[in-house]
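Notes to accompany the following structure.
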Amino acid sequence: MYTKRTRMTIAGGALLVIVAFKAYVELRNHLISITYSENKYVASVGRLPYRNESVRPQSNEEIYYEHIPELEDLKLSLDILKTAAVNRDINSNSDADTLWMRKILSNKRARTTFEANRLLYKLQDSALRNSTTGCVIKILQMCHRLLCLKHIKDKAKDFWTRSKCKFSNCRIEMKVGNDLTDFQQSDVVIFHIDKRTWAPLVKTRLPGQLWVFHSKEAPIHGPPASPPREFGNPFNISISYMSESDIAPGYYYLDSEQRDTDPKVLRKEKLMSWVATNCNATSWARRDFVQELQKYLPIDTYGLCGHLDCPRSEKECWEMRGQYKFYLALENSQCPEYITEKLWLNSFAVGTVPIVFGAPKADYERLAPPHSFIHLDDFKTVQEFIDYIHLLDRDQQKYLEYFSWRRLGHVMKGSPILTTMTASNGKTLCFIIRTLLIKSLSPEMYQWQARHPVFYDWWYGMCRADTQKTRIMDIDVTMKTDVDV
């Protein structure tokens with residue numbers, strides 16, 4: 001039998017154990033409440049009080065992950081990863097790359113002649129002599145003077161601007177213009193989309209002179225840019241939005257090393273918007289199509305083709321666009337892979353869901369983030385489309401699924417090597433030179449020219465007027481005959 005004192009001692013010990021266990025449980029629960037889960041959902045950390053009892057505000061990331069659903073099986077396509085790699089390559093300018101290029105250039109067994117390849121000869125000669133003087137690489141950007149005014153500084157139109165590449169001692173001189181004398185002095189000529197007479201250029205092309213094709217526009221619009229068929233494919237490399245081009249950085253790209261967690265996607269007050277300044281020079285009746293949709297949906301239209309004006313302040317205009325749930329990202333052309341800033345900048349960057357039309361749906365699936373857009377080809381009738389928009393408008397969770405892709409990466413602007421008409425900065429010029437060098441030494445690395453021996457057939461064959469759709473859902477989008485497209 002326990003004595004009274006013993007029983008009191010046991011009871012006191014048990015009580016102490018209970019108190020200690022209760023304190024442990026409370027501490028454990030408190031620690032759990034302030035710990036991020038594996039999926040980064042935030043339960044209560046944003047509401048923990050400060051010492052003065054005020055509530056700590058949640059971060060953008062916390063707010064975002066608390067609401068945005070996580071869809072299974074979302075992954076980036078190989079084309080998206082490739083585009084990101086191209087942009088990283090253009091921007092890297094690494095020392096390792098520099099050493100590799102210098103080693104190649106100083107290889108005597110790869111020596112070429114001036115007449116065969118002016119660029120490669122000059123760079124090799126400078127590397128073999130280890131000379132810091134006497135080597136000048138001239139690059140002419142062929143472009144109509146008026147067309148280039150808004151894209152290039154004044155001095156580049158009248159004088160040779162200088163720069164250098166880390167992998168060579170040669171000085172790079174670049175100029176913009178159409179002067180035939182400059183053309184005959186140049187080692188590399190970059191041809192931008194422009195109307196020109198090709199016969200004199202082909203006839204006076206110097207032996208070993210390298211040509212580069214550059215275009216950010218679709219072939220169905222703009223001036224005739226192609227040499228006649230009889231000239232074959234005179235371009236050594238290509239720069240365009242087409243993924244098979246030798247250099248294809250895209251208008252924008254998705255950087256998988258960053259995350260896009262902007263909580264403004266959670267605050268929507270309006271349904272749909274459309275912004276456009278090109279009203280008639282399209283391959284389909286885009287403005288008429290939007291006006292037809294306005295009969296069924298509240299669509300606010302901005303720009304020269306609309307009825308509303310964006311606030312003067314760029315920041316206010318940006319915030320205004322973000323108030324809409326949906327944006328009509330309608331391209332002016334129905335051309336393969338022609339997916340421009342209408343998707344990336346006007347939609348993704350401001351936090352809206354793009355409703356797209358232009359390139360085939362399969363191209364959007366390859367080049368855009370997964371489950372990030374609504375393609376009009378998915379609907380047979382306007383009523384089907386309207387019903388789906390109303391469904392997403394009512395069902396917030398289903399609507400927010402279109403933002404789950406932002407867990408995979410952050411939208412970044414593509415290299416100016418494409419989006420700026422003239423690649424005037426030294427880094428982009430050096431990347432073009434590097435690409436030409438690799439193509440010269442290892443043609444199998446860049447096979448665009450070999451795959452398309454007739455440039456005219458490639459450029460105009462991919463997108464023609466007779467391939468443009470004349471109906472979207474059950475709406476006629478045929479261009480009026482009196483409109484110049």
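Annotation for the stretch 295-335 versus the stretch 160-184: alpha-carbon center distance of 41 Å. Taking packing as the residue-averaged number of other Cβ atoms within 10 angstrom, the listed peptides 196-207, 109-120 run from highest to lowest as 109-120, 196-207.
Where does each of 167-179, 129-141 land if you order them by average Cβ count within 10 Å, highest first?
Numbers: 167-179: 20.5, 129-141: 16.7.
Highest-to-lowest ranking by the protection proxy: 167-179, 129-141.
Across the stretch 302-311, rounded Karplus estimates of 3J(HN,Hα) from the backbone phi angles (6.51 cos²θ - 1.76 cosθ + 1.60, θ = phi - 60°) give 10, x, 4, 8, x, 10, 10, 10, 6, x Hz, Gly and Pro being marked x.
Each part reduced to its alpha carbon centroid, the stretch 125-145 and the stretch 269-283 end up 45 Å apart.
Would you please name the trypsin sites (Lys or Arg not before Pro) within the stretch 338-383 that are DSSP coil residues with at most 16 other C-beta atoms within 10 Å of their C-beta?
Values: sites: Lys342, Lys361, Arg366, Lys380; in loops: Lys380.
Answer in residue order: Lys380.
In this structure, the residue pairs whose Cα-Cα separation is over 28 Å, taken from Lys82/Lys108; Lys216/Lys268; Lys175/Lys342; Lys216/Lys439, are Lys82/Lys108; Lys216/Lys268; Lys175/Lys342.
Where a number appears in this text, it was derived from the coordinates with a stated rule and is not lab data. Predicted, not measured: the structure shown is a model, and the values here were computed from it. Using ideal geometry, Cβ is built from the backbone for each residue, glycine included, and neighbour counts are taken over all protein chains shown.
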